[in-house]
Amino acid sequence: MTLGAALLYPLVAPADNSTSAPEEQICDPIADYYLGMEDYPTAVKLHLAVIRRHPDLALAYYHLGFAYGELGDHKRELVDYQKAIELGLSDWELFLNLGRVYLESGAITQAGDAFRLATLLAPTRYETHYNLGLVYERLGALAKAEQEILLSLRLQPDQLEARNTLGVIYAEEGNYVRARQEWAELSDAYPDYTPARANLEILKRVERGEVDKSSQLSGLAKAP
């Protein structure tokens, strides 16, 4: 997924909605039924109709944006997520999905802002810490990245991508012993998980001095 710079919007604070809290809103059940059934074209059509009837229904914009995202229209996804936020919706999954759109587009700063809000709203959700850790790793803030990934793993230990990412962080920190241990354990427990095996091979070549460290570590298999 690639988004142009023109699509990058600053995060806005949720509006003060004095009528009803967006978290208490209920979207149209039929529109949401098709969303749940993964019939995204119908979900888009029905949510657009909901918004025409209720233009201030923040939850409908969130669901509409999600449906657009599943159809690959990430420009509309981003616009509708931002509209939901402007209308006052403060939902951790909304900020998580918003951050993922930014992360996949390469907008790392905006992704970090969204994921930090998600962690504040849902500090016990492993997904928020994992994605924030990915941002820190890409920014080179390795100590913060390690902290977030470890926290995510404490909340949900059975995460292959998180454990592989932790190995990447260890390797980038120069802690090859811990990186090798992480990837070796992953490879033994999950023989079909290829990123760990690939990273072990790269690390072995680096440790034997067969390849340049900086160029090879940049080729480590990371999270998508």
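The values are calculated or read from the model by the stated rules, or taken from the named source; none is laboratory data. Since this is a predicted model, take the numbers as computed values, not measurements. Glycine gets a Cβ as well: all are built from the backbone with ideal geometry, and neighbour counts include every protein chain shown.
Summary of values
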item: Identity of the residue in the stretch 42-79, acidic (D, E) and outside any helix (DSSP H, G or I), that ends up nearest to S90 (Cα to Cα); result: D56
item: Top-ranked residue in the stretch 8-41 [being surrounded by fewer than 16 Cβ atoms within 10 Å (Cβ to Cβ) and not in a loop (DSSP other than H, G, I, E, B); ranked as modelled with the lowest pLDDT]; result: E23
item: Spans of helices (runs of 4 or more DSSP H) in the stretch 139-214 with at least 2 residues modelled with pLDDT of 95 or more and charged (D, E, K, R); result: 142-155, 160-173, 176-189
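This table checks each residue for (1) outside the structural domain of A31 (by TED's automatic domain parsing); (2) touching a Ser or Thr at 6+ places or on another chain (Cβ under 9 Å).
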position: A60; (1), (2): no, no
position: Q82; (1), (2): no, no
position: N97; (1), (2): yes, no
position: L121; (1), (2): yes, yes
position: A141; (1), (2): yes, no
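Residues are listed down the side, and each one gets a yes or a no for (1) under 22 Å from F95 (Cα atoms); (2) among the aliphatic types (A, V, I, L, M):
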site	(1), (2)
E137	yes, no
G140	no, no
A145	yes, yes
L150	yes, yes
P157	no, no
L160	no, yes
E173	no, no
